[in-house]
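So the structure is just underneath, and the comments pick up after that.
Read the figures in this text as sums done on the coordinates, not as results from a lab. Computed from a prediction, not measured in an experiment: that's the story for all the values here. Backbone-built Cβ (ideal geometry, glycine too); neighbour counts: all protein chains shown.
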Amino acid sequence: MESSNGHTDSGDTSVWDVLIIGGGPAGLAAALYAARAMRKTLVLEKVMPGGQIATTSEVEDYPGILMTTGPELSMQLMEHAQHFGAQVEIGEQVTKVKLDGKVKKVKTESGRTFSTRSVILATGAEPRTLGVPGEDKLRGYGVSYCAVCDGPFFRDRPVAVVGGGDAAFDEALYLTKYASTVYLIHRRDEFRAQKVLVDRARANDKMQFILDTVVDSISGDKAVTGAMLRNLKTGETRELPLGGLFVYIGNIPSTNLLEQYVEIDDSGYIEVDATMATGCPGVYVAGDVRKSPLKQIVTAGSDGSIAALSADKYLDYLAEELSPEEAERLAEAPENWEESY
Ligand code: NAP
């Protein structure tokens, strides 16, 4: 039986039109467009709305908004989708999917099973870790992947940011509000980051650059006390005293569960065509999890809108083939559907 909010627990027989996995900018933009197309739309988000931007300090490159924060924009994106009728379920981690067939199934860690005619994969990416001694042990004790969450703990103390991309520069600049010194440690002497960010960092008195250098280990017993650095050109090593170390060395696309349904390139990203369609009918991809030349909030939103409208067209096509009665029948999960996946 269908509950008032459109879903039921295990044994659910309601069928969503568009089920979106991931509540970052791509997933929430997809939800907005799908809901405005009058499709019964559900977003499943495992942690909090916004995905990576939920832990981003300042956002100043989203067109039409001069300056906002990641958490604020995350809430606005979610509320916008909800305003047009999308349902957003936070804290629902997807553990199993069955994406073939006309009615697809998605199961979450809490034990709920959802049925849907189309799926948009907007699972984003997870921060890449350094993989050096001390990193795991001191995670949460001075090793951080989120400046906006942990920056205020390092007031008047020296911290380091590892990385040379936009994220490293954005977050290093944010940390200068709190820390006494922010060392930017990068393995090369050139940066991937936009010039505007590099220039701003160079002009900031609190920033110091340590280039051609990698972190070999992170020191500290109960909290970070420093990092062992190695210069890649000279081979010289030295201990840098630190209160905290922030890792911003890129992301790893979150594609587990999906490998059997979608094409994944050598770097781990999902390859799709310009309509965001995968080779699997009714399954679309949007945002940082897909192979694309640019990963920005605005491009994630753009992907989401295209994926939603592609799903909308697919649903029109499906409606000609699948009666509501047949959809309901297919939505009844066979008892053992998970065992075959
Ligand atoms: P990114 O652009 O992939 O940069 C990753 C950086 O980490 C690179 O400098 C890379 O060095 C370095 N790196 C990678 N693996 C490393 C390792 N094992 N040890 C040491 N260094 C390592 O990642 P990102 O900065 O997280 O950005 C991801 C995407 O989001 C990008 O497309 C970016 O433009 C976008 N983004 C945009 C904004 C903005 O517009 N304000 C903000 C944040 C992110 P090499 O350069 O030597 O490879």
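With 10 angstrom as the radius, rank LYS105, LYS137 by how many other C-beta atoms surround their C-beta, starting from the fewest.
Working: LYS105 24, LYS137 14.
Taking fewest neighbouring Cβ atoms as first place, the list is LYS137, LYS105.
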For this session: State the three equivalent ellipsoid semi-axes of segment 34-85, derived from the C-alpha gyration tensor as the square roots of 5 times its eigenvalues, in descending order and whole Å.
Result: 22, 14, 7
Problem set entry | Disulfide-incompatible cysteines by the Cβ rule (no partner under 4.7 Å) in the chain | CYS280
Exercise. What is the set of long-range amide H partners of VAL161 at a cut-off below 5 Å, with H atoms built 1.01 Å from backbone N?
Worked result: TYR183, LEU184, ILE185, PHE246
Problem set entry | Nitroxide proxy distance, nm - points 7 Å out along Cα→Cβ at CYS149 and GLU60 | 2.5
Exercise. Over the chain, what relative contact order in percent results from Cα pairs under 8 Å that are six or more residues apart?
Worked result: 22
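Once the piece of chain linking GLN260 and ARG157 is laid out straight, how much longer is it, given 0.36 nm per residue of separation minus the C-alpha distance between them?
Working: separation 103, 0.36 × 103 = 37.08 nm, distance 4.74 nm.
Working it through step by step, the gained length comes to 32.3 nm.
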Seminar exercise, completed: The long-range amide H neighbours of THR69, using H built 1.01 Å from N in the peptide plane and a cut-off of under 5 Å, are VAL59
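Note down the net charge around LYS137, summing +1 for each Lys or Arg and -1 for each Asp or Glu among other residues with Cβ under 10 Å from its Cβ. Let's see the in-between values first.
Numbers: positive: ARG139, LYS222; negative: GLU135, ASP136, ASP221.
Its environment carries a net charge of -1.
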For this session: Using the Karplus curve 6.51 cos²θ - 1.76 cosθ + 1.60 with θ = phi - 60°, work out ³J(HN,Hα) for each residue of segment 64-80 in order, rounded to whole Hz, and write x for Gly and Pro.
Result: x, 10, 4, 7, 8, 10, x, x, 5, 5, 4, 5, 5, 4, 5, 5, 4
Problem set entry | Integer Hz, Karplus 6.51/-1.76/1.60 couplings in order for segment 308-325, x for Gly and Pro | 5, 6, 5, 4, 4, 5, 4, 5, 4, 5, 5, 4, 6, 9, 10, 6, x, 5
For this session: Beyond 24 Å between alpha-carbons counts as too far, so tell me which of LYS177/LYS291; LYS177/LYS233; LYS40/LYS104; LYS137/LYS206; LYS46/LYS105; LYS195/LYS295 fall in that bin.
Result: LYS177/LYS291; LYS177/LYS233; LYS137/LYS206
Problem set entry | Spatial separation of Cα centroids for segment 144-163 and segment 32-73, in angstrom | 24
Problem set entry | Around ALA125: net Lys/Arg minus Asp/Glu count, Cβ-Cβ under 11 Å | +1
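Please pull out the direction-averaged projected area of segment 143-247, using the convex hull of its alpha-carbon atoms, in nm² to one decimal place. Intermediate results must be reported in sequence, preceding the final value.
Working: hull surface 24.1 nm².
About 6.0 nm², averaged over all directions.
Tell me, what is the FRET efficiency for THR95 and SER267 to the nearest 0.05, using R0 = 25 angstrom and their Cβ-Cβ distance as r?
Numbers: r = 25 Å, r/R0 = 0.99.
Calculated value: 0.50.
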Problem set entry | Per-residue ³J(HN,Hα) for segment 132-142, Karplus 6.51 cos²θ - 1.76 cosθ + 1.60, θ = phi - 60°, Hz, x for Gly and Pro | 10, x, x, 5, 5, 4, 9, 4, x, 10, x
